[in-house]
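The values are calculated or read from the model by the stated rules, or taken from the named source; none is laboratory data. As the structure is a computational prediction, the values presented were derived from the model and not from experiment. Backbone-built Cβ (ideal geometry, glycine too); neighbour counts: all protein chains shown. For accessibility, only protein heavy atoms count, side chains too; no ligands or nucleic acids. Shrake-Rupley method; radii C 1.70, N 1.55, O 1.52, S 1.80 Å.
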Amino acid sequence: MGTLIPSDKRPTPSTTLSTTTAPRSEQPAKKSRFNFSFLRFGRKIARSNNNQTSSLTTQKNNNLSSLEPKNIQQKKIKILKADKTIKSLDQLGEKVKQLHESNALIGEQRASLAQQRAKLLSKEKIPHYDAVVAGAGPTGLMAAVELARKGHKVCLCEGRNEEEWDIRSSVMALGPEATYAINQMLDALESTHGPGYVFSHRKKSDITHPKSLANIREQVRRNSYINLQTDVIQRIYIEYAKTKYPDLIDIKHQARAGSFNPWIQTMDLQPSGRIAFDSIIHADGVHGTSRQSLQELGASLEKITVNTPFSGRCQCAYIHHPSWAEIKTGALLKAKEKIPADLLPEFKKLGWSSNYYPQCYIFLSHANSEKLWISGQCPTNLKPEQQLEWNALICAATVTPTKRACLMAPTYVDTDRHTARGSKKENLSHAIFTVEKQKLAQPSVALPFGKSEAIGDAKETPNFFFAEGLKNADKDVKDLAIPFTPRKASSFPLNIPSFIKRIISRIF
């Protein structure tokens with residue numbers, strides 16, 4: 001046991017230090033916890049950014065704010081902070097409306113609100129789509145497939161039911177690009193549907209049927225330019241969408257749009273329920289109404305008239321001509337050709353004022369068919385009761401005088417008027433209308449969380465004389481791109497060091 005030293009004899013602290021410890025200059029540097037932590041950060045940064053360790057460890061101001069001006073750093077972190085006063089979608093809508101009306105809905109603010117919106121939609125279990133496509137015609141289907149191919153979640157909305165949604169008048173003329181696309185889809189569908197699958201509302205299997213997968217594929221492989229019924233084109237696209245992108249394309253028939261909130265971009269689809277979307281693609285045709293709800297956001301419905309070589313009064317008819325298949329497979333009357341002297345009086349009798357043919361097209365429903373779609377120019381004052389006689393004259397004008405005597409009188413294709421499908425087809429096969437080409441003055445509009453884009457017939461009235469329908473749709477769909485709307489904090493493309501992003505993502 002050691003000897004006790006009286007308190008008055010004990011050495012003072014200074015004396016003790018001077019006699020029992022080494023001079024301060026010779027002491028090893030004490031490693032503080034802060035410095036050790038920073039060196040650990042430095043080693044991580046050095047591994048990702050070659051040869052940076054020495055410069056970071058010798059830096060005098062070893063803190064995060066020295067890496068970036070303080071005001072910029074605070075501003076960027078503030079972007080990710082949610083507005084705590086917003087507790088519901090209604091409050092978010094009011095905030096968005098206020099910022100929109102004051103032109104303050106800038107990119108940073110928009111990104112923060114988009115993140116809050118995504119959380120609120122998820123909380124209320126409202127389906128959230130990258131895009132809604134209004135209209136399941138050829139253009140809408142093409143747009144949905146293209147967006148899904150790019151990885152977007154799409155809701156394809158069609159107002160008609162599955163029985164009548166694919167009723168279309170006439171036949172569409174396809175060019176090489178459209179023909180190639182359909183050939184690719186048919187190849188993909190053969191393994192799941194089989195070569196005998198029939199693209200018809202009856203859903204039957206018959207490899208010999210003109211609308212079977214095998215027969216249609218034979219047509220598109222043999223010719224770069226083909227004529228194909230519009231309803232067949234639609235059914236090829238919808239079957240491909242269901243088969244190829246079942247998780248990305250949600251198809252809703254009989255979807256009628258109810259109340260619409262333009263600020264949080266939600267709509268009530270009857271009877272499906274409420275949905276939300278970032279962008280909306282208008283593919284609902286010339287008479288579509290989906291853009292009307294966006295007028296509050298600046299979407300204009302103004303249309304500009306476009307001059308075209310062929311316009312004025314036209315007609316379209318679906319007729320049964322028993323002797324046609326024996327004589328021709330299709331025909332065309334060109335407006336630059338003179339009407340023969342023996343037919344001119346008959347044209348004059350029905351009100352045709354020119355000595356030249358009207359521009360007209362005759363398409364068969366399918367090979368060796370006796371059913372014809374006839375469309376083209378007609379007399380200005382042509383009456384409905386004269387339409388069948390006019391179409392008989394058009395058919396007679398496309399054949400030689402010898403074969404003209406063999407033509408039997410045509411009749412309208414008999415349809416069941418008691419069904420929705422038959423009634424609609426009846427109206428389409430007796431159509432007299434005015435061709436006037438128009439296009440939207442403003443087809444694209446920015447939305448708070450995406451954009452509104454009109455395509456195809458909704459953007460510009462197609463002129464069937466130039467087979468513009470599918471041609472315009474194909475061009476618009478190829479150019480279609482919707483903006484990225486961030487939904488998570490980690491998805492913000494901030495221009496700050498990566499390890500700060502990791503800290504922020506953990507906080508928020």
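Filter region 234-249 down to the residues that are within 16 Å of the chain's Cα centre (by Cα) and among the aliphatic types (A, V, I, L, M), then identify the one that is surrounded by the fewest Cβ atoms within 10 Å (Cβ to Cβ). Only one residue tops the list, namely Leu248. With respect to the conditions (1) open to solvent by less than 60 Å² (accessible area, probe 1.4 Å); (2) at negative phi; (3) free of Cβ contacts under 8 Å to residues at least 40 places away in the same chain, Gly194 lacks only one, and its number is (2). Annotation for region 313-333: no member residue is modelled with pLDDT under 85, within 30 Å of Leu156 (Cβ to Cβ) and of a type in the set (Gly, Ala, Ser).
Filter region 256-297 for residues that are within 21 Å of Lys459 (Cβ to Cβ) and of a type in the set (Gly, Ala, Ser); which is surrounded by the most Cβ atoms within 10 Å (Cβ to Cβ)? The selected residue is Ala283. Residue-level analysis places Phe347 among those that are modelled with pLDDT of 90 or more, out of contact with any Asp or Glu (no Cβ under 6 Å at 6 or more places or on another chain) and under 22 Å from Phe464 (Cβ atoms). A Cβ distance below 9 Å, combined with a sequence gap of six or more or placement on separate chains, defines the contacts here; from region 114-136, residues that are within 23 Å of Glu453 (Cα to Cα) and at pLDDT 95 or above reach residues that are basic (Lys, Arg) and open to solvent by less than 40 Å² (accessible area, probe 1.4 Å) in the pairs His128/Arg117. Within the span defined as region 331-354, every residue fails to be buried (at least 19 other Cβ atoms within 10 Å of the Cβ), within 40 Å of the chain's Cα centre (by Cα) and free of Cβ contacts under 8 Å to residues at least 60 places away in the same chain. Applying the condition of being acidic (Asp, Glu) and without any contact (Cβ under 8 Å) to a residue 24 or more places away in the chain to region 443-482 and asking which residue is surrounded by the most Cβ atoms within 10 Å (Cβ to Cβ) yields Glu468.
Out of Gln234, Gln265, report the one residue that is on the phi > 0 side of the Ramachandran plot and either in contact with a Cys (Cβ under 9 Å, 6 or more places away or on another chain) or at pLDDT 85 or above (or both).
Working: Gln234 fails: on the phi > 0 side of the Ramachandran plot.
Result: Gln265 is the single residue among Gln234, Gln265 that is on the phi > 0 side of the Ramachandran plot and either in contact with a Cys (Cβ under 9 Å, 6 or more places away or on another chain) or at pLDDT 85 or above (or both).
Checking each residue in region 299-311 for being assigned to a loop (DSSP other than H, G, I, E, B), open to solvent by 40 Å² or more (accessible area, probe 1.4 Å) and within 15 Å of His282 (Cβ to Cβ) picks out Leu301, Glu302.
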